[in-house]
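A short worksheet on the structure shown next.
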Amino acid sequence: MGTYAREHKWSGFIFGIGLAGFVDEIVFHQFLQWHHFYDQMTKEIGLLSDGILNSMCGFFIIFGLFLLADARRKYQTDWVFWIGRTLMGMGSFQFYDGIINHKVLRMHQIRYVDNVLTYDIIWLVVAVCMIVIGFFMSRKREMMK
């Protein structure tokens, strides 16, 4: 894999991690209010943890965009490849969140209901779909070399 692919791969992947975190934070934490990033203490600690998550996601997005800007100065961007890597980053964030944060560390659940398994399965299936679709989108570029 050439320099082009390495530089664009990481910019898209890192950007995707931050984007997925922002979407999770905005949709599930703020709009739907299903949970906070850390739900095992007071509501104030939950809100603080959401703020920390939001800050970290902002850092990932900005860092990914800086890497993209640097790569674009050197190479023409293949947007299908880059969006594929972004989807892989988003899916990886969601998969990590679903396995590690939800089940291993028990920081929060997707939603506090009796049938949480249904939510868990959908969460992980969507994550895997994003990774697979992103892989094939970015793989097409790599196979053309």
Requested in this report: Could you look through the stretch 18-58, keep only residues that are surrounded by 13 or more Cβ atoms within 10 Å (Cβ to Cβ) and aromatic (F, W, Y), and pick out the one that is farthest from A127 (Cα to Cα)?
Outcome: Y38
Query raised in the report: Out of all the residues in the stretch 112-126, which are open to solvent by 80 Å² or more (accessible area, probe 1.4 Å) and either touching a residue at least 60 places away in the same chain (Cβ under 8 Å) or not in a helix (DSSP H, G or I) (or both)?
Result: Y112, D114, N115
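Sort out which residues of the stretch 69-96 are under 17 Å from the mean Cα position of the chain (by Cα) and more than 20 Å from F28 (Cβ to Cβ), and write them in order of number.
Hits for the stretch 69-96 are F81, W82, I83, G84, R85, M88.
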**Report entry** Hits in the stretch 63-100 (condition: under 22 Å from G46 (Cα atoms) and in contact (Cβ under 8 Å) with a residue 40 or more places away in the chain)
**Finding:** F93, Q94, D97
Requested in this report: Check whether at least one residue in the stretch 48-59 is within 20 Å of V23 (Cβ to Cβ) and charged (D, E, K, R), and report yes or no.
Outcome: yes
Query raised in the report: Are any of the residues in the stretch 84-93 open to solvent by less than 50 Å² (accessible area, probe 1.4 Å), in contact with a His (Cβ under 7 Å, 6 or more places away or on another chain) and over 12 Å from L19 (Cβ atoms)?
Result: no
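The values are calculated or read from the model by the stated rules, or taken from the named source; none is laboratory data. Fair warning: this is a prediction, and the values are worked out from it, not measured in the lab. Here the Cβ is made from the backbone with ideal geometry for all residues, glycine too, and neighbour counts use every protein chain on show. The accessibility values were calculated without ligands, DNA or RNA, using every heavy atom of the protein model including side chains. Shrake-Rupley method; radii C 1.70, N 1.55, O 1.52, S 1.80 Å.
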